[in-house]
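Derivation of every value follows stated rules applied to the coordinates shown; laboratory data play no part. Please read these numbers as outputs of a predicted model, since none were measured by experiment. Heads up, the Cβs are rebuilt from the backbone with ideal geometry, glycines too, and the neighbour counts pull from every protein chain shown.
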Amino acid sequence: MDESFQEARKAPPEGTQDLLFEAARRLRRCEAALVRVFEAHGFAEVIPPAVETAEVFAEASAGGEAGALRVVDRRGRLLALRADFTAQVARIAATRLAGMSPLRLYYRGSVVRESAAESGVPRERLQAGCELVGEGEPAADAEMIALAAASLHALGIPAGDARIAVGTVGYFSALIDAAGASPRLARALSDAIDRKDLPSLTALCSELAPGKPRDALLMLAQPPRPQTEAVTLLSRALELSPAPAATAALQRLASALQVAKARSLGAELEVDLGEVRGLGYYTGIVFNLYAAGSPRPVGGGGRYDTLLGRFGDPRPAVGFSLDLDALVPLARPA
Amino acid sequence: MITVALPKGRTLGATLDRFARAGLAPEEDFAQTRRLIVPARGGAASFVLLKDPDVPLYVERGAADVGVCGLDHVLESGADLLIPLDLGFGACRLSLAAPQGSPLVQGWKNGEGGAELGRSLRVATKYPRLSARAFARRGVPVDVVRLSGSVELAAVAGLADAIVDLVETGRTLEQNGLVVVDDLLQVSARLVVNRASYRLKLEELLPVLERLGGAP
């Protein structure tokens with residue numbers, strides 16, 4: 001046998017791992033704690049397949065991230081390893097569960113995505129998450145933010161160590177429309193806002209006509225504000241709002257935050273209108289979860305009102321997923 | 001408590017000055033001490049001294065909360081970071097340069113990029129990712145040779161048709177018979193911030209960011 005093949009097969013592929021004994025036990029304990037919370041909130045489990053038609057994940061790639069790991073099957077069809085649970089759950093909800101509203105579904109398992117080399121983000125990532133299908137109201141957004149907070153709580157992460165940054169892509173898209181930015185410029189603006197890159201954002205905004213949309217875009221790289229200042233921040237953004245769609249996005253965010261605040265179990269909610277990054281299909285509220293001890297977000301979610309339509313059953317939906325690779329080392333489940 | 005990653009290279013002095021003006025200074029001179037981690041006077045922060053290209057990686061992985069390094073290293077590393085401030089110093093350009101009289105000098109202006117060679121252009125650089133991206137944007141096939149130093153030599157000694165390297169004054173290029181074909185990136189020192197630190201240590205970071213961002 002070829003010597004290099006012998007070497008290669010001794011370790012699992014780059015970005016994957018074997019979980020043994022205590023590590024496996026820890027993961028299962030965390031999953032069990034999460035399952036208890038999800039089920040207590042009325043969510044039911046779905047287990048989608050490990051491979052899908054590659055097309056299902058077309059919109060699932062996150063900003064700057066390479067997509068699914070693909071294979072061609074015996075009949076020449078392009079399949080992909082599961083790259084995103086939400087897209088699969090959307091397919092299930094839009095087909096076998098079409099018209100049944102509301103649906104409260106949860107999942108757990110791993111997704112495989114080609115991650116940037118040397119970024120420390122594994123290729124195979126352990127996740128658990130929830131999707132609420134058929135509810136378009138801000139109360140549903142709040143329910144999912146609160147459930148995400150409850151999940152961190154169930155993992156034994158102290159409220160003081162957790163932060164939830166909430167924004168809305170609806171506001172950003174409305175500003176882009178109002179400013180008449182080209183798709184190329186919109187991508188560059190979104191990237192600059194996502195990196196809080198105020199110098200580049202200022203340079204890019206000089207390509208836009210002066211006016212409210214430009215002023216509002218320039219505000220999006222400002223630092224996030226704690227909940228206590230959220231009202232001030234949102235009212236400033238409302239003053240600058242150039243279009244009804246932008247105003248509507250802000251009002252939705254404000255009412256979702258109001259409900260979520262009361263139910264977030266002490267986890268600090270921050271408003272960040274520059275929180276524009278998420279999976280490609282997000283249309284409204286987006287949020288990212290942070291926990292002390294993890295250098296990257298430990299989860300995130302958002303509203304995706306157009307994804308189910310791609311599978312023939314247009315219905316609003318909102319959900320989140322937790323990154324168990326990041327959370328398990330921090331967790332102290334009961 | 002925040003950890004600051006400082007760049008060992010030519011911008012170290014300017015970086016230390018700017019942090020000192022923002023009220024953060026190492027309690028010991030890095031040149032005098034053998035310690036690897038030096039606390040700030042007053043203990044509100046600590047400093048680590050790194051090779052410039054390592055700064056983005058330390059900050060991305062959270063071993064440091066903030067750091068300073070050139071935009072060239074930030075983008076070459078591909079690290080997922082926040083880059084809220086341009087500190088202004090360390091200004092230079094990342095440029096594509098070729099020997100005087102190379103067909104590339106004219107060809108690049110016409111959008112050709114080495115087609116006249118009848119093969120892929122060979123480019124030597126310390127910045128393979130940024131070089132590959134610049135050529136991909138033009139649809140020009142390129143053979144990138146990754147070097148760790150003396151990049152000009154590669155073009156002079158015939159290892160490569162062109163180089164991509166930092167240019168400050170252009171004097172080194174001139175002395176070696178090379179000319180700038182195009183500027184790929186305007187570089188200056190940037191403050192980089194870990195995404196999670198930005199949320200979880202915002203109260204500590206905001207005043208530092210504000211003082212660092214103030215007029216020099």
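By the helix-only formula, in which each DSSP H run with n ≥ 4 contributes -39500 (n - 2.57) and the sum is divided by residues, the protein assembly as shown has a 222 nm mean residue ellipticity of -10500 deg cm²/dmol. Given in Å, the Rg to one decimal and the Dmax to the nearest whole number for the Cα atoms of region A:9-327 are 19.6, 61. Separation of region A:115-162 and region A:280-334 by C-alpha centroid, Å? For region A:115-162 versus region A:280-334, the Cα centre distance is 5 Å. Among A:Asp323, A:Asp73, A:Asp84, the residue with the largest mean-square fluctuation in a Gaussian network model of chain A, with springs joining Cα atoms closer than 10 Å, is A:Asp73. Here the ratio of the Cα radius of gyration of region A:43-114 to 2.2 N^0.38 Å is 1.16.
Can you bin region B:92-186 into rounded, prolate or oblate? Criterion: square roots of the alpha carbon gyration tensor eigenvalues sorted a ≥ b ≥ c, rounded for a/c under 1.5, prolate for a/b above b/c, oblate for the rest. List each step's numbers first, then the result.
Working: a/c = 1.34, a/b = 1.23, b/c = 1.09.
Cα axes put region B:92-186 in the rounded bin.
Quotient of the Cα radius of gyration of the protein assembly as shown and 2.2 N^0.38 Å, N being its number of residues: 1.04. Ordered by the number of other Cβ atoms lying within 10 Å of each residue's own Cβ, fewest first, A:Leu330, B:Leu191, A:Leu307 fall into the sequence A:Leu330, B:Leu191, A:Leu307. Based on the convex hull around the alpha carbon atoms, region A:25-181 presents an average projected area of 12.9 nm².
Of the listed pairs A:Lys212/B:Lys109; B:Lys8/B:Lys201; A:Lys212/B:Lys126; B:Lys8/B:Lys109, which have alpha-carbon separations greater than 32 Å here? Present the calculation step by step, with values, prior to reporting the outcome.
Numbers: A:Lys212/B:Lys109 38 Å; B:Lys8/B:Lys201 25 Å; A:Lys212/B:Lys126 43 Å; B:Lys8/B:Lys109 37 Å.
From the list (A:Lys212/B:Lys109; B:Lys8/B:Lys201; A:Lys212/B:Lys126; B:Lys8/B:Lys109), the Cα-Cα distance tops 32 Å for A:Lys212/B:Lys109; A:Lys212/B:Lys126; B:Lys8/B:Lys109.
At a 10 angstrom cut-off on C-beta neighbours, averaged per residue, how do the peptides A:103-110, A:153-160, B:80-87, A:44-51 rank from highest to lowest? Could the numbers behind the result be given before it?
Working: A:103-110: 20.1, A:153-160: 17.1, B:80-87: 21.9, A:44-51: 12.5.
The densest-packed peptide leads the list: B:80-87, A:103-110, A:153-160, A:44-51.
Taking every residue in B:200-211 and counting other chain Cβ atoms within 10 Å of its Cβ, the average works out to 2. With a 10 Å cut-off around each Cβ of A:292-303, the average count of Cβ atoms from other chains is 3.
The ratio of the alpha-carbon radius of gyration of region A:217-296 to the globular-protein estimate 2.2 N^0.38 Å is 1.13. Computed over chain A with a Gaussian network model linking Cα atoms closer than 10 Å, the most mobile of A:Met219, A:Met144, A:Met100 is A:Met100. Neighbouring Cβ atoms from other chains, within 10 Å of the Cβ of residues in A:197-203, number 4 on average.
If you run the Gaussian network model on chain A, springs between alpha carbon atoms under 10 Å, then out of A:Ala256, A:Ala83, A:Ala23 the most flexible one is A:Ala23. Straight Cα distances below 16 angstrom link A:Lys196 to the aspartates and glutamates A:Asp215, A:Glu270, A:Asp272, A:Glu275, B:Glu60, B:Asp65, B:Asp80, B:Asp86, B:Glu210, with same-chain residues fewer than 8 positions distant left out.
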